[in-house]
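> What follows is a structure written as structure tokens; I'll ask about it next.
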Amino acid sequence: MRILVVEDEPRIARSLKKGLELERYVVDLATTGPDGFDLASSESYDVIILDRMLPGMDGLTVCQNLRSSGNQTPILMLTAKSQLSDRVEGLDGGADDYLGKPFSFEELLARLRALCRRPPRIEPPILKIRDLELHPKSSAVYRNGHKIPLTAREYDLLEYLMRNAGFVITKQKLIDTVWEFDADVLPNTVEVFIGKLRSKLSSPEPELPPVIRTVRGFGYTIDP
């Protein structure tokens, strides 16, 4: 099993590398955030042991950047920050497990074994229609390479229309699906949100063709 250790404290880094190699792991070592990110992005690892406080790029940013780039290698984050809020921030940032310093080497080994037993995560595929991309994992939307800032409701509307591309979706269907049980939503509300969504999708380059097409008397569609 191949492990990447990203740790800037020389004593801890040397101890981890030596101890893991004695356990018959193959270990690569990085001592800065950018070096760790580059290795994790260019090489294949079974687990990444990532320190939270790193020079150049902190561990949380490294973790977030790896996840946003699609790297799903299990990450065990090490840190002297052991407050609950810090652990929550690390896990929400994409880490799979969290171990506070100081730690026992036996516990670290047990956590590594547990991470390796987990089945690989299956990420939802990116939805792409012509120059429009929707990334379900990060809830990000791009048009012709430009990121489009959407509200949660606008995102839900666009995702539903993209997943049903080629079908005409009525206003009532959108209300029932996107707004669920909100009884105050009227058909005019749908028109307002669709208008805002169209405006945002055309804002990066106004000359681009419209994404959402109105089928008068029926509803809306996105042509595949």
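The values are calculated or read from the model by the stated rules, or taken from the named source; none is laboratory data. On a predicted model such as this, the values are computed, not experimentally measured, just so you know. Backbone-built Cβ (ideal geometry, glycine too); neighbour counts: all protein chains shown.
> Identify all residues within segment 178-224 that are of a type in the set (Asp, Glu) and at pLDDT 90 or above; write none if there are none. First the steps, then the outcome.
To start, the set of residues in segment 178-224 that are of a type in the set (Asp, Glu) comprises 180, 182, 184, 191, 205, 207, 223.
Across segment 178-224, the qualifying residues are 191, 223.
> May I ask you to verify whether residue 2 is at pLDDT below 90 and of a type in the set (D, E, K, R)?
Working: at pLDDT below 90: no; of a type in the set (D, E, K, R): yes.
When the stated conditions are applied, residue 2 does not pass them.
> Please go through segment 213-224 and give me each residue that is buried (at least 17 other Cβ atoms within 10 Å of the Cβ) and under 27 Å from the mean Cα position of the chain (by Cα), ordered by number.
Initial filter on segment 213-224 (buried (at least 17 other Cβ atoms within 10 Å of the Cβ)): 219-222.
Matches in segment 213-224: 222 only.
> Looking for whichever is small (Gly, Ala, Ser), on the phi > 0 side of the Ramachandran plot and touching a helix residue (DSSP H, G or I) at 6+ places or on another chain (Cβ under 9 Å) here; the options are 166, 145, 219. Which one fits? Before you say what the answer is, go through the steps one by one.
Numbers: 166 fails: touching a helix residue (DSSP H, G or I) at 6+ places or on another chain (Cβ under 9 Å); 145 fails: touching a helix residue (DSSP H, G or I) at 6+ places or on another chain (Cβ under 9 Å).
One residue alone meets the criteria, 219.
> Check segment 201-215 and report whether any residue there is closer than 23 Å to residue 67 by Cβ and among the aliphatic types (A, V, I, L, M).
No, that holds for no residue.
> If you don't mind, there's one more thing I want to ask. Just for helices (runs of 4 or more DSSP H) wholly inside segment 1-119: which have at least 2 residues that are assigned by TED's automatic domain parsing to the domain that holds residue 134, touching a Pro at 6+ places or on another chain (Cβ under 6 Å) and within 30 Å of residue 139 (Cα to Cα)? It would help to see each step written out before you state the result.
On the way: elements: 10-22, 33-42, 59-68, 84-92, 105-117.
Per the criteria, no element qualifies.
> Would you point out which residue out of 43, 9 is touching a residue at least 24 places away in the same chain (Cβ under 8 Å), surrounded by fewer than 18 Cβ atoms within 10 Å (Cβ to Cβ) and more than 30 Å from residue 134 (Cα to Cα)?
On the way: 43 fails: more than 30 Å from residue 134 (Cα to Cα).
Only one candidate passes the filter, namely 9.
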